[in-house]
Amino acid sequence: MIEYVYIMTYRQIKRFIRAKSRIAGTLINNILWLLFFGLGWAYTLRGQQFQVLFKGLDYLAFLLPATFATSIFQTSFMGGISVIWDKQFGFLKEVLVAPAPRSLTILGRALGDSIVSIVNGMIMLAFGFGLTSKLNPVGLPLAIAMGLVMALGFTSMGIAIASAMTSPEGFQLIVGTITMPMTLLSGSMFPINMAPQWMQILALISPLTYAVDLCRYYLTGVSLLDSMYPWLNHGTELLLLLITSLALIIVAMRMFERTTIE
């Protein structure tokens, strides 16, 4: 059974490696984001008052772990569009009629896209380590593991949505509608405790908020949520993220099992 998962995982990774323009675009986008957004705001938000706001971190050190998490989130979610392309080009028909269980093939696809997303996040983080000395490399393995859990969940969410759609344009519209508020509410760009109360409630509903906070804790030792909510420790955050990812994987499997080619 494991070979079905391996084949689909290998296929998704190989597609990424062969797409030279996609690799180049990933590198360029990451560099531009860090240069124009990260460094721009880091130079703007300088001073002791801002270090107090960011729990002793400068803005760049505050931003980079969150950027690692949000880049994985956005790349993972967008990976679902390949399901729609496979519908249009006929590959999905071959997958659906194959003797392999659909649940395993979609798990392999999700794993392959998740690994690609992790690579994208690590590229972003590699540039980050060159820009600031306040990131702790000891926490990198835990951050990567957290990124994989998050990537599997959000890749599965994208696959579940794409399984019920036939239009790439419609999928991209849904992706933008979901990813933008989740990213802004995750605490990646500003401390959540500075937001209005209703925004804080919405932030706690989003699993991305916990992923961002955990990655920031692993890489800098600073956590915002545990100071805001004493009941929300790191173990609880991890448990919530694991449950959410598992639920999304199951939903994606169920949706893909019902997929048909018109």
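GNM, the chain, Cα, under 10 Å: largest mean-square fluctuation among 19, 211, 252?
19
In degrees, nearest 10, range 0 to 90: what is the angle between the Cα axis of helix 20-32 and the longest Cα principal axis of the chain?
Rounded to the nearest ten degrees, it is 20.
Select from 180, 165, 150 the residue whose mean-square fluctuation is largest in a Gaussian network model of the chain (Cα-Cα springs shorter than 10 Å).
180
Report, as a whole number in µm² per second, the diffusion coefficient that Stokes-Einstein gives for the chain at 20 °C and 1.002 mPa s using the Kirkwood radius over alpha carbon pairs.
Working: Rh = 19.0 Å.
Translational D for this selection: 113 µm²/s.
Determine ³J(HN,Hα), in whole Hz, for all residues of region 112-120 in sequence, where each value follows from phi through the Karplus function 6.51 cos²θ - 1.76 cosθ + 1.60 and θ = phi - 60°; x replaces Gly and Pro.
Couplings: x, 5, 5, 5, 4, 5, 4, 4, 4 Hz.
Nearest 0.05, what FRET efficiency do residue 28 and residue 193 give at R0 = 41 Å with Cβ-Cβ as r?
On the way: r = 34 Å, r/R0 = 0.84.
About 0.75, to the nearest 0.05.
Short version: ³J(HN,Hα) in whole Hz for each residue of region 196-212, in order, from phi by Karplus 6.51 cos²θ - 1.76 cosθ + 1.60 (θ = phi - 60°), x for Gly and Pro, what are they?
x, 4, 5, 6, 5, 5, 4, 4, 5, 6, 7, x, 4, 4, 6, 5, 4
Computed over the Cα atoms, what is the radius of gyration of region 131-222 divided by 2.2 N^0.38 Å, N being its residue count? Provide the component values of the computation, followed by the final result.
On the way: Rg = 15.4 Å, N = 92, 2.2 N^0.38 = 12.3 Å.
The reported ratio for this selection is 1.25.
For the residue pair residue 233 and residue 254, what label-to-label distance in nm results when each label sits 7 Å from Cα along the Cα-to-beta-carbon direction?
Computed distance between label sites residue 233 and residue 254 equals 3.3 nm.
Take the chain, connect every pair of alpha-carbon atoms lying under 10 Å apart with a spring to form a Gaussian network, then pick out the residue of 210, 218, 43 with the largest mean-square fluctuation.
Among 210, 218, 43, the largest mean-square fluctuation in the Gaussian network model of the chain belongs to 43.
Going by average Cβ density within 10 Å per residue, which order do the peptides 117-128, 57-68 take, highest to lowest? Kindly include the intermediate steps, with their values, before the conclusion.
Working: 117-128: 21.2, 57-68: 24.4.
For the peptides 117-128, 57-68, the packing ranking is 57-68, 117-128.
So if each residue of separation counts as 0.36 nm, and I subtract the Cα-Cα distance between residue 51 and residue 243, what length gain in nm does that give? Mind showing how you got there, number by number?
On the way: separation 192, 0.36 × 192 = 69.12 nm, distance 3.38 nm.
Length gained between residue 51 and residue 243: 65.7 nm.
Hey, what angle do you get for helix 168-185 against the long axis of the chain, alpha-carbon based, 0 to 90 degrees rounded to 10?
The two axes meet at around 20 degrees.
In percent, what relative contact order does the chain have, based on Cα pairs under 8 Å that are 6 or more apart in sequence? Each step should come with its number before you reach the end.
Values: 339 pairs, mean separation 71.1, N = 262.
Relative contact order, the chain: 27 percent.
Go ahead and estimate [θ] at 222 nm for the chain from helices alone: -39,500 (n - 2.57) per DSSP H run with n ≥ 4, summed, over the residue count, rounded to 500. Show your work: numbers first, answer last.
Details: 14 runs with 201 residues, N = 262.
The per-residue figure over the chain is -25000 deg cm²/dmol.
How much length is gained if the chain between residue 174 and residue 18 is pulled fully straight, taking 0.36 nm per residue apart and subtracting their Cα-Cα distance, in nm to one decimal?
On the way: separation 156, 0.36 × 156 = 56.16 nm, distance 2.72 nm.
Stretched out fully, the residue 174 to residue 18 stretch lengthens by 53.4 nm.
Any read-out appearing in this document is the output of simple, stated calculations on the displayed coordinates, not a laboratory observation. These figures come from a predicted structure and were not determined experimentally. So basically every Cβ, Gly included, is an ideal-geometry build from the backbone, and we count neighbours across all protein chains shown.
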